[in-house]
């Protein structure tokens, strides 16, 4: 039997177990992948793929410098900031156009019949197919990259917004009408709140595509940016630089996605399905 002193100590320490598990569990798969990566490179003896240790050194030099002292040393802040400007320039433009458009398509039948077929035709076209046209429309530079990011983020946002509006239960409209709610107030107090979870799903998907497409966007001749770093690494046969750029993009996308999830959970605390 536990003593009177041991029991409170055990009870006080137990709450840390779930927290520790929550922090350690997501690290299991990355650690396994790193070990497998290291073993595979050592067993095959390939020189085309660097060891995790070499990529870590490249990341350190990319961030702090002092190792290779080349054009990429201590330049991560420059490339990261340029990519952030292009990612969020395209993403916010997609949200600003896609959400209102999705609300109109979902709510107004005539507008849906007018616009939706065109969207469904354009949606399957890969963003990479727009690369030559973007360079013709906007020339070489950041505007073409922002346009490609915009295209990638736009369709998930507008389609999820449309789905959210069309999924609103008709009983909500009936109840609102009985309470004297109509016109713009009906849209503001019924349609928009009911569609908000789907809108956030679209924003999250669009945001992910924005980071995915930054590499394609920065193939348009821009000298700086994480995508440009990856392309330079490919041209210079520096795989460690390519993987370093991939890691930075992955971490940036993950952390910003967590911010969207936190905002979603805060604003939609009233929804039974709000937690992402």
Exercise for the section: Sum -39500 (n - 2.57) across every DSSP H segment of at least 4 residues in the chain, then divide by the residue count to get the 222 nm mean residue ellipticity, nearest 500. Expected result: -24500 deg cm²/dmol
Problem - Ratio of the Cα radius of gyration of segment 36-103 to 2.2 N^0.38 Å, where N counts its residues - result: 1.75
Practice task
Let me have the relative contact order for the chain, percent, based on Cα pairs under 8 Å that are six or more residues apart.
Solution key: 20
Fill in the blank from the handout: Note on segment 212-261: contact order normalised by length, alpha-carbon pairs under 8 Å, 6 or more apart, percent, works out to 24
Handout entry: Of 142, 156, 124, the one that fluctuates the most in a GNM where the chain has Cα springs shorter than 10 Å
Key = 124
Exercise for the section: Calculate, in nm to one decimal, what residue 97 and residue 34 gain on full extension: separation in residues at 0.36 nm each, minus their alpha carbon distance. Expected result: 18.6 nm
Problem - Stokes-Einstein D for the chain, Kirkwood Rh over Cα pairs, 10 °C, 1.306 mPa s (µm²/s) - result: 72
Handout entry: Candidates 68, 60, 88, ranked by Gaussian network fluctuation over the chain, Cα under 10 Å, top entry
Key = 68
Exercise for the section: Using 0.36 nm per residue of separation minus the Cα-Cα distance, give me the extension gain between residue 69 and residue 24 in nm, one decimal. Expected result: 12.7 nm
Exercise for the section: Return the ratio Rg/(2.2 N^0.38 Å) for segment 202-246, where Rg is computed over Cα atoms only. Expected result: 1.23
Practice task
Using a Gaussian network model of the chain whose springs link C-alpha atoms within less than 10 Å, name the residue from 122, 226, 192 with the highest mean-square fluctuation.
Solution key: 122
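Values quoted throughout were computed directly from the atomic coordinates according to the rules given, and no laboratory measurement underlies them. It should be emphasised that the depicted structure is a prediction, and the values quoted were computed from it without experimental measurement.
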